[in-house]
Amino acid sequence: MQTLRKIFAIGATVAGLAASSIPAAFAADTTLRMTHLFRAESDAGRAAQAFADEINTRSDGRIKINVYPSSQLGDWTETHGLLMQGAIDIGLQPLSTNFNRSMAIAWFPYIAPTYAEAKVAYSRGGFASDIADELMQKQGLRLLGVFGDGMGGAGFTKDVSNPATPGEDKKLRIRVWPGGTTHRVLMEKMGYQVATVPWAELYTGMQTGVVDGQVGGSPEMTYTNFKDITKTWVQYNDHLELAWFVMNAQRLASLPEADQQLLVDVAQEISSKRFDEVEAADERQLQALEAAGTKVVRLTPEQLEQMASFTRETVWPQIAGELGDDVMDKLREGLQLD
């Protein structure tokens, strides 16, 4: 069975492998493979293992989920394709825009600048969750739940002047991830110079002054990877960093209905619990950054509202093409902006 999976992962292309071509023999397999990019001891890593353990317990051992942390099965952009193929069964990871640019809904800036708003938008039945699920279904995937890893912000090796004043020249160069069009425009409009630097080169780039900072991650990510070179952290709340419990749709459909529901139920329980805990989790990481010598800038509710209004009025018109008219209309409708 593992040999068949390897053949599919190596020999098939995403474009050429239709969901219907996945062997029906997989339907009898009750051992599932789950990928994620997080360290096993991180909050998200522990959530992935808790998901697997709970499924095993509630199914009386009938369903075993083998968890592969730290991108053991490939980079998250690669595993997104493998999930579409059915070569991997379940993922807890970001969504890749490689196959559909509209997946940028996952980090589109200032959809929900507060934790309460993010819970409404991304919980099951929330407008952003429904948009993402619809997009996933077109790729042969199904959304089981979502893990709120932490609110996004930006970390710098230098002081930041007027970080909460949009449009004012900050005289700093900030890294955005390759393909991060939404945040490239956002940071430019906020007054930063921008550069794309691969993740593998980011630490050295910040250390040597190629860039002065980075945006796109959570406080935990920055504490884990950059605490020794981060002089200032600005908690912009530009997006909620999300890891999506996503499963190959045909693999899910091959299971008995009760088992399908069990997977959804457990993912939703973990999702809901995390939404109630993520603000406190972020605060612990922010305090850890402060203890490590980082100056933490927390924006007030009024400043966050100003940033959200500025972004929706000034930035969104320039990045709306990332989502497309249909998704953008659904987003605006969900936020009752029209």
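The values are calculated or read from the model by the stated rules, or taken from the named source; none is laboratory data. As the structure is a prediction and not an experimental result, all values here were calculated from the model. Backbone-built Cβ (ideal geometry, glycine too); neighbour counts: all protein chains shown. For accessibility, only protein heavy atoms count, side chains too; no ligands or nucleic acids. Shrake-Rupley method; radii C 1.70, N 1.55, O 1.52, S 1.80 Å.
Here are the numbers for this structure:
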| read-out | value |
| --- | --- |
| Given (1) open to solvent by 30 Å² or more (accessible area, probe 1.4 Å); (2) farther than 23 Å from T181 by Cβ, number of the condition K138 does not satisfy | (2) |
| Qualifying residues in the stretch 195-235 (those that are open to solvent by less than 60 Å² (accessible area, probe 1.4 Å) and among the aromatic types (F, W, Y)) - the one nearest to W177 (Cα to Cα) | F226 |
| Count - residues of the stretch 314-335 that are over 14 Å from W107 (Cβ atoms) and either in contact with a Pro (Cβ under 8 Å, 6 or more places away or on another chain) or among the aromatic types (F, W, Y) (or both) | 1 |
| Identity of the residue in the stretch 256-279, of a type in the set (G, A, S) and crowded, with 19+ Cβ neighbours inside 10 Å, that ends up nearest to S218 (Cα to Cα) | S271 |
| Residue match in the stretch 239-255 (condition: exposed (fewer than 14 other Cβ atoms within 10 Å of the Cβ) and either closer than 22 Å to F127 by Cα or modelled with pLDDT of 95 or more (or both)) | yes |
| Condition met for T204 (farther than 26 Å from G45 by Cβ, β-branched (V, I, T) and out of contact with any His (no Cβ under 6 Å at 6 or more places or on another chain)) | no |
| Failed criterion for E277 (all others in (1) under 22 Å from G153 (Cα atoms); (2) touching a strand residue (DSSP E or B) at 6+ places or on another chain (Cβ under 6 Å) hold) | (2) |
| Elements of type strands (runs of 3 or more DSSP E) in the stretch 153-268, at least 1 residues being in contact (Cβ under 8 Å) with a residue 60 or more places away in the chain and more than 25 Å from Q93 (Cα to Cα) | 153-156, 232-235 |
| Answer residue from the stretch 280-305, given it is open to solvent by 80 Å² or more (accessible area, probe 1.4 Å) and not in a helix (DSSP H, G or I) and is farthest from T222 (Cα to Cα) among those | R298 |
